[in-house]
Amino acid sequence: MVDTLIIGGGSAGSVLAARLSEDPGRTVRLVEAGSPRRSAAEFPPELADSAALPVGGEAPWLWRYPVALTPELPGQIVRGRGIGGSGAVNGCYFIRAAARDFAAWSREAGTRAWDFEEVLPFFRSLENDEDYGDYPGHSRTGPVPVRRIARPSRLAQEFATTCLDLGFGEVPDWNSMPGGPDTGVGPVPCTIGAADSSGRHRRLGPAHSYLLPALSRPNLIVQGDTLATRLRFAGDRVVGADCLIEGKPETIHADRVVLCAGAIESAALLLRSGIGPADQLAELGIPVIVAAPVGRWTVDHPEIGIEYRHPAPAVGAVPLEYVLGFDDIEIRPYTVAFAPGVHRMGVTLMRPTSSGRLRLTGSDPFTPPLIEQNYLATAADRSRLRAAVGLAGKILDVMSADWSGGTDEGAISDHWLYERLGSSQHLAGTCRMGRSDDPRAVVDERCRVHGVDGLSVVDLSVVPVPLSRGPHATVLLLAERATADLR
Ligand SMILES: Cc1cc2nc3c(=O)[nH]c(=O)nc-3n(C[C@H](O)[C@H](O)[C@H](O)COP(=O)(O)OP(=O)(O)OC[C@H]3O[C@@H](n4cnc5c(N)ncnc54)[C@H](O)[C@@H]3O)c2cc1C
């Protein structure tokens, strides 16, 4: 029996386990489905290299899910598996969500607690910003190293110069006060170590920053190769979870359980345990513990991947060194090669008006949920993205890139868009935060599941609004903020 059982040792789980176990009077046990890693040396070299996006092949550190990007268009998304979770495989981009995102979040939660001014102290307490640590709103004392690439690649430099020539402003610091600039081009703040003598950096995810340094604490047990399959209840109180520990069934008992299994698996675990839409659970023969709209709303960042050829090599220090942001769009000149000799520019809709859903199709823990992204379902989303692709085309033309497409947005067909449509890997919102009278809400403003005692969800599942920036900085903030409530 422990005080707190944390399910999932990814981005949010790493923060929570480390922060909660700072109190020696509290016992914390964290279970992680993927590999246990007890030191930085145990991370595979592919994960250590910040220049790679380690999502190819049959990598054992990934969960892979088939998805419907649109009703007609199948796709695939991945998530990190193993200590560090998706934060151990991600692109190192670490930009805070915008102040307006937090204002919208607070409105959904029915509290001011998620306003930018309220969460800023948590952003400050988590970061050690190498470049801007002494500036207002920043810090040098947190566990997460943040730095921008000092010598960007030729491709990133050409992209930045082109954007400036086209009239966009320069953004030296995307995380500057108040709540980040809306528009401009600038270097991406990254969670990486200092450059070595050959200019290479190490990817330093949340496990490095939080979990590994806490592993020697006697009140913290961290267990890999342990899949939580179902939650256990006594009445409407959670009392633990059934797990498969290296394939063997065991029930772990706890005073409270915090789900940090990510937006897909936290939702799937709730549904499998009887917390979800009653009709869906009845179809699958799962007894209902609490009827809740789990999986009824999801949001992601749809991305058009434009392939092109350019004489500059794809040799960045991170997959994305510079980014252009404006309105609800990011344009991303990736510096990793997605195919030999071919570059990719991502054009991403950050605040889509279309939303998707997730549902279980089987009650066993090995059947992946059905994820329907419903991308570009609204005319507004298609038209925003089409205009942004037109601008990306202008940038490519000025860069003398060789690509197939046009800058006249009227000539960009739906077919052209859908052929290049993919996910930014940022699925969120399956267990939305909101008031108890909100028919779409699963957790309250402090991440506690409505109607169940002792159960919280703390990961990207609970974010109730589309985020204007990639989610990683916000997930770590969420976990820092939730720790304060769970202490
Ligand atoms: C390839 C990729 C690139 C990305 N790049 C960026 C980027 O550059 N910048 C950015 O801002 N965002 C990026 N993201 C998104 C960001 O990394 C994630 O949104 C964030 O890490 C999610 O954190 P989380 O805690 O919600 O979940 P995760 O970090 O995914 O953690 C969930 C953990 O729970 C474990 N787990 C799941 N089910 C169970 C179970 N039943 N029992 C036990 N353990 C379980 C998983 O194995 C995993 O370790 C990227 C994501 C991916 C996949």
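Side notes on the structure shown:
- Residue within segment 402-413 that is surrounded by 17 or more Cβ atoms within 10 Å (Cβ to Cβ), polar (S, T, N, Q) and not in a helix (DSSP H, G or I) present: no
- Residue that is surrounded by the most Cβ atoms within 10 Å (Cβ to Cβ), among those in segment 47-81 that are of a type in the set (Gly, Ala, Ser), more than 6 Å from the ligand (Cβ to nearest atom) and in contact (Cβ under 8 Å) with a residue 12 or more places away in the chain: Ser50
- Residues considered: Ala337, Ala387, Ala392. Of these, the only one that is surrounded by fewer than 19 Cβ atoms within 10 Å (Cβ to Cβ) and in a helix (DSSP H, G or I) is Ala387.
- Across segment 371-384, the qualifying residues are those that are hydrophobic (A, V, I, L, M, F, W, C) and assigned to a loop (DSSP other than H, G, I, E, B), and the one among them that is most open to solvent (accessible area, probe 1.4 Å) is Ala377.
- Which listed residue is open to solvent by less than 10 Å² (accessible area, probe 1.4 Å) and either within 30 Å of Asp115 (Cα to Cα) or touching a helix residue (DSSP H, G or I) at 6+ places or on another chain (Cβ under 9 Å) (or both), from Val442, Val398: Val442
- Filter pass, Met345 being modelled with pLDDT of 95 or more, touching a His at 6+ places or on another chain (Cβ under 9 Å) and either away from the ligand (no atom under 14 Å from the Cβ) or open to solvent by less than 50 Å² (accessible area, probe 1.4 Å) (or both): no
- Restricting segment 273-283 to residues that are of a type outside the set (A, V, I, L, M) and crowded, with 24+ Cβ neighbours inside 10 Å leaves a set whose member that is farthest from Thr4 (Cα to Cα) is Gly276.
- Being in a loop (DSSP other than H, G, I, E, B) and farther than 25 Å from Cys92 by Cβ is a property that holds for Pro311.
- Members of segment 23-46 found to be farther than 18 Å from Arg81 by Cβ and either within 12 Å of the ligand (Cβ to nearest atom) or out of contact with any helix residue (DSSP H, G or I) (no Cβ under 8 Å at 6 or more places or on another chain) (or both), listed by number: Asp23, Pro24, Gly25, Thr27, Arg29, Ala41
- Single residue of segment 470-483 satisfying the filter (in contact with a strand residue (DSSP E or B) (Cβ under 8 Å, 6 or more places away or on another chain) and either open to solvent by less than 10 Å² (accessible area, probe 1.4 Å) or on the phi > 0 side of the Ramachandran plot (or both)) that is nearest to the ligand (Cβ to nearest atom): Gly470
- Just one of the listed residues (Arg147, Arg151, Arg140) is open to solvent by 10 Å² or more (accessible area, probe 1.4 Å) and at pLDDT below 95, and it is Arg151.
- Selection count where residues are open to solvent by less than 10 Å² (accessible area, probe 1.4 Å) and at pLDDT below 95, scope segment 414-435: 1
- Given (1) more than 15 Å from the ligand (Cβ to nearest atom); (2) under 25 Å from Leu269 (Cβ atoms), number of the condition Ser86 does not satisfy: (1)
- Every pair of residues 6+ apart whose Cβ atoms lie under 6 Å, when the first sits in segment 453-469 and is without any contact (Cβ under 8 Å) to a residue 60 or more places away in the chain while the second is within 13 Å of the ligand (Cβ to nearest atom): Val462/Cys431; Val462/Cys447
- Of residues in segment 223-247 being of a type in the set (Gly, Ala, Ser) and surrounded by 21 or more Cβ atoms within 10 Å (Cβ to Cβ), the one farthest from the ligand (Cβ to nearest atom): Gly240
- Residues in segment 250-265 that are within 13 Å of the ligand (Cβ to nearest atom) and surrounded by fewer than 21 Cβ atoms within 10 Å (Cβ to Cβ): Glu250 only.
The values are calculated or read from the model by the stated rules, or taken from the named source; none is laboratory data. On a predicted model such as this, the values are computed, not experimentally measured, just so you know. Cβ atoms come from the backbone with ideal geometry, glycine included; neighbour counts cover every protein chain shown. In case anyone asks, the SASA skips ligands and DNA or RNA and just uses the protein heavy atoms, side chains included. Shrake-Rupley method; radii C 1.70, N 1.55, O 1.52, S 1.80 Å.
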